[in-house]
Amino acid sequence: MQIERYDGNREALRPLFALADDSPMQISSYIDRGEVLVARDGGRIVGHVQVIETGEGGVFELKSLAVRPARQSEGLGRALVAAAITRCRERGGRRLIVSTATADIGNLRFYQRQGFRMCRIVQDAFGPSTGYPEGLAVNGIPLRDQVVFERDLGAD
Ligand SMILES: CC(C)(COP(=O)(O)OP(=O)(O)OC[C@H]1O[C@@H](n2cnc3c(N)ncnc32)[C@H](O)[C@@H]1OP(=O)(O)O)[C@@H](O)C(=O)NCCC(=O)NCCS
């Protein structure tokens, strides 16, 4: 397995982006932004991570991350986050932010295991007005609010 920069057509990665975001409208708004790294296994792309600039100096955002379902829980997600952090440091990054749904308990665990700390909650970030179908739930919890995590890139 190797992780490398992806310079191909981003639309080819849309199924991976769709694993991380239930809104095709939102995905279209950012799929072409920033840099994408992919994990390849024997030539096949098995995961991706996208990092974008935030407009604030030294602060990057991990915008999209996914591993193919058949390859989850093998450490690929952790390796993709580590590669994104290395890349941000190379670009002078001081802080990396990422946001996810408060309902997604698995992601809350995953990001904290990668050294991220919660910094704020955005209520009603997910709903019809932002491109998410009514009535979606994760872990039996309505998909509604968003949590923003941050990671100090000076820390290990
Ligand atoms: C989140 C995701 C990228 C994690 O990738 P992964 O390759 O399965 O994760 P890893 O195998 O590297 O696991 C790293 C750690 O996170 C934990 N973890 C990963 N997914 C988890 C989950 N859904 N629930 C609880 N813990 C989880 C692992 O148990 C492991 O824990 P450890 O540090 O105690 O060993 C992957 O589950 C995924 O693609 N999910 C769908 C898309 C998604 O939700 N993306 C994030 C949107 S913000």
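Here, each number is a calculation from the coordinates, and none is a lab measurement. Computed from a predicted model, the values in this text were never measured in an experiment. Ideal geometry is used to build each Cβ from the backbone, glycine not excepted, and the neighbour counts take in all protein chains shown.
Among 129-135, 16-22, what's the highest-first ranking by average C-beta atoms within 10 angstrom per residue? Could you put the intermediate results ahead of the total?
Details: 129-135: 11.7, 16-22: 18.3.
So the peptides 129-135, 16-22, ranked by packing, come out 16-22, 129-135.
Between ILE45 and VAL59, what is the label-point separation in nm under the 7 Å Cα-to-beta-carbon projection?
About 2.9 nm separates the two model spin labels.
When the Debye formula is applied to the Cα atoms of segment 56-118, each taken as the same point scatterer, what base-10 log of I(q)/I(0) results at q = 0.14, 0.19, 0.24, 0.27 Å⁻¹?
-0.42, -0.76, -1.14, -1.32
Can you compute the helix-only [θ] at 222 nm over the chain? Use -39500 (n - 2.57) per DSSP H run of at least 4 residues, normalise by all residues, nearest 500 deg cm²/dmol. Present the calculation step by step, with values, prior to reporting the outcome.
Details: 4 runs with 38 residues, N = 156.
Value at 222 nm, helices only, nearest 500: -7000 deg cm²/dmol.
Given Cα positions, please report Rg to Rh for segment 2-152, the hydrodynamic radius being the Kirkwood one.
Rg/Rh for segment 2-152 comes to 0.94.
Under a plain spin-label model, where a point goes 7 Å from the Cα along Cα-to-Cβ, how far apart in nm are SER73 and GLU11?
That separation, rounded to one decimal, is 3.6 nm.
Provide, in order from the shortest bin, the percent of all Cα-Cα pairs of segment 95-156 in each 10 Å bin, continuing until the bin that contains the maximum pair distance.
23, 47, 24, 6, 0
Set the Förster radius R0 to 22 Å, insert the Cβ-Cβ distance between CYS119 and THR86 as r into 1/(1 + (r/R0)^6), and round the FRET efficiency to 0.05.
0.50
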